[in-house]
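Worksheet: the structure to be examined is printed underneath.
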Amino acid sequence: MDRDVIVALDFSGREEVISFLDRFSGKKPFVKIGMELYYAEGPAIVKEIKERGHKIFLDLKLHDIPNTVEKAMRVLSRLNVDMVNLHAAGTTAMMEAALRGLTREDGTRPLLIAVTQLTSTDQESMEKDLLIKEPIAEVVMHYAKTAKNAGLDGVVCSPLEAAKVHEVCGKEFLTVTPGVRFAENDKGDQKRVMTPEEAKKIGSDFIVVGRPITKAADPVAAYERCIREFAE
Ligand code: C5P
């Protein structure tokens with residue numbers, strides 16, 4: 001899949017999302033549906049957006065016993081989404097089960113991406129709450145390698161980690177990176193950010209962009225700017 005911009009549809013209900021997507025007229029951005037929208041509207045919203053012609057990253061971050069994740073992934077795969085994710089912390093057995101569940105009868109499947117350590121986890125909370133004593137950067141790379149060895153397609157990571165992930169796991173292993181801001185934008189609650197242009201330079205494969213597009217005065221222009229700076 002080519003380098004692309006994924007628009008995070010962080011809205012709480014159908015009406016808001018549909019009126020946002022209507023602004024794009026003929027254009028069909030790759031979009032991300034997260035827990036808030038999915039839990040509010042269920043699979044119907046996924047089907048509706050898919051029918052409108054968008055690629056979909058379903059960001060539900062599964063983490064459970066392998067058997068449960070395999071069955072859940074089978075259901076998600078039938079929604080015809082293009083990308084889904086899970087927590088690498090679920091271990092190799094869970095990731096392999098997820099891949100089995102996702103693979104459709106014709107052999108196709110959505111891309112499967114792993115979350116390593118959430119960016120909300122820092123060294124202190126990892127050591128204190130999870131009893132993981134290694135430096136967090138090493139933990140992230142270890143999770144990325146484990147995901148690659150399990151057969152996954154890539155990881156969600158900070159744009160600052162993308163180059164290292166490619167170094168460790170190879171160029172083909174996808175990096176999906178949130179934390180993107182235009183040079184002149186307010187950073188909001190994202191602490192470690194990059195512009196679309198910088199993310200392109202360091203080799204991100206997909207950038208996930210929420211508020212710089214959804215809260216822009218002209219979301220379509222902001223999206224087109226992301227495409228120009230990152231994907232062209
Ligand atoms: O509005 P903003 O561009 O910060 O949105 C980024 C999107 O990426 C949100 O949907 C957020 O949940 C998601 N995300 C993130 N950082 C991560 C993982 C996911 O910002 N580490």
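The values are calculated or read from the model by the stated rules, or taken from the named source; none is laboratory data. Fair warning: this is a prediction, and the values are worked out from it, not measured in the lab. All Cβ positions, glycine included, derive from the backbone under ideal geometry; neighbour counts span all protein chains shown. What goes into the accessible areas is simple: the full protein's heavy atoms, side chains included, and nothing from ligands, DNA or RNA. Shrake-Rupley method; radii C 1.70, N 1.55, O 1.52, S 1.80 Å.
For the chain, what is the accessible area per residue in Å² when the probe is 1.4 Å? Don't jump to the answer; show the numbers that get you there.
Details: 11500 Å² over 232 residues.
Value for the chain: 50 Å² per residue.
Using a probe of 1.4 angstrom, how much of the accessible area of the chain is carbon and sulfur, in percent? Please report the intermediate quantities before stating the final value.
Numbers: 5640 of 11500 Å².
Its accessible area is 49 percent carbon and sulfur atoms.
Between ASN185 and GLU16, with labels modelled 7 Å along Cα→Cβ, what's the label distance in nm to one decimal, could you check?
Taking the two extended label points, one gets 1.7 nm.
At 0.36 nm per residue, and after removing the present C-alpha to C-alpha distance, how many nm does the segment from MET35 to ALA216 gain when stretched out fully?
Numbers: separation 181, 0.36 × 181 = 65.16 nm, distance 2.25 nm.
Fully extending the segment from MET35 to ALA216 adds 62.9 nm.
Taking K and R as +1 and D and E as -1, what net charge do the other residues with C-beta under 12 Å from the C-beta of LEU86 add up to? Mind dumping the intermediate values first?
Details: positive: LYS61; negative: ASP59, ASP64, GLU70, GLU96, ASP153.
My count for the surroundings of LEU86 gives -4.
Please work out whether the chain counts as rounded, prolate or oblate from its C-alpha gyration tensor, where a ≥ b ≥ c are the square roots of the eigenvalues and a/c under 1.5 means rounded, while otherwise a/b larger than b/c means prolate and anything else oblate?
Taking the square roots of the gyration eigenvalues as a ≥ b ≥ c, the chain is oblate.
State whether the range 169-216 is rounded, prolate or oblate according to the following rule on the C-alpha gyration tensor (a ≥ b ≥ c being the square roots of its eigenvalues): a/c under 1.5 gives rounded; otherwise a/b larger than b/c gives prolate, and the remaining case gives oblate.
The shape class here is prolate.
So for the pair ALA44, GLU232, with labels modelled 7 Å out along Cα→Cβ, what separation do we get in nm?
Modelled inter-label distance: 3.9 nm.
List residues of the range 95-109, by number, whose backbone nitrogen lies under 15 Å from a label position 7 Å along Cα→C-beta of ASN149.
Backbone N within reach: 95-96.
Determine the gain in length on full extension of the stretch LYS133-THR108; use 0.36 nm per residue of separation and subtract their C-alpha separation, reporting nm with one decimal.
Full-extension gain reported as 5.1 nm.
Given a Förster radius of 35 Å and the C-beta distance between LYS27 and HIS142 as r, what FRET efficiency does 1/(1 + (r/R0)^6) yield to the nearest 0.05?
Efficiency, from the Cβ-Cβ distance: 0.35.
Using Cα pairs under 8 angstrom and six or more residues apart, how large is the relative contact order of the range 1-81, in percent?
RCO, the range 1-81: 30 percent.
Return a whole-number percent for the relative contact order of the chain, with Cα pairs under 8 Å and 6 or more residues apart as the contact set.
It rounds to 19 percent for the chain.
Taking the highest mean first, how do the peptides 164-170, 92-98, 104-110 order by number of other beta carbon atoms within 10 angstrom per residue?
Going from most to least packed, we get 92-98, 164-170, 104-110.
What is the packing order of peptides 15-23, 173-181, taking the mean over residues of other C-beta atoms within 10 Å and listing the highest first?
Details: 15-23: 14.1, 173-181: 23.1.
So the peptides 15-23, 173-181, ranked by packing, come out 173-181, 15-23.
Is the range 97-226 rounded, prolate or oblate when judged by the Cα gyration tensor, a ≥ b ≥ c being the square roots of its eigenvalues, rounded requiring a/c under 1.5 and prolate requiring a/b larger than b/c?
Oblate, since a/c reaches 1.5 and b/c is not below a/b.
Note the full-extension length gain between SER125 and ARG192 as 0.36 nm times their separation in residues minus their Cα-Cα distance, in nm to one decimal. Could the numbers behind the result be given before it?
Working: separation 67, 0.36 × 67 = 24.12 nm, distance 1.81 nm.
22.3 nm is the gain from fully extending SER125 to ARG192.
Among MET35, MET194, MET126, which one shows the highest mean-square fluctuation when the chain is modelled as a Gaussian network with alpha-carbon springs under 10 Å?
MET126
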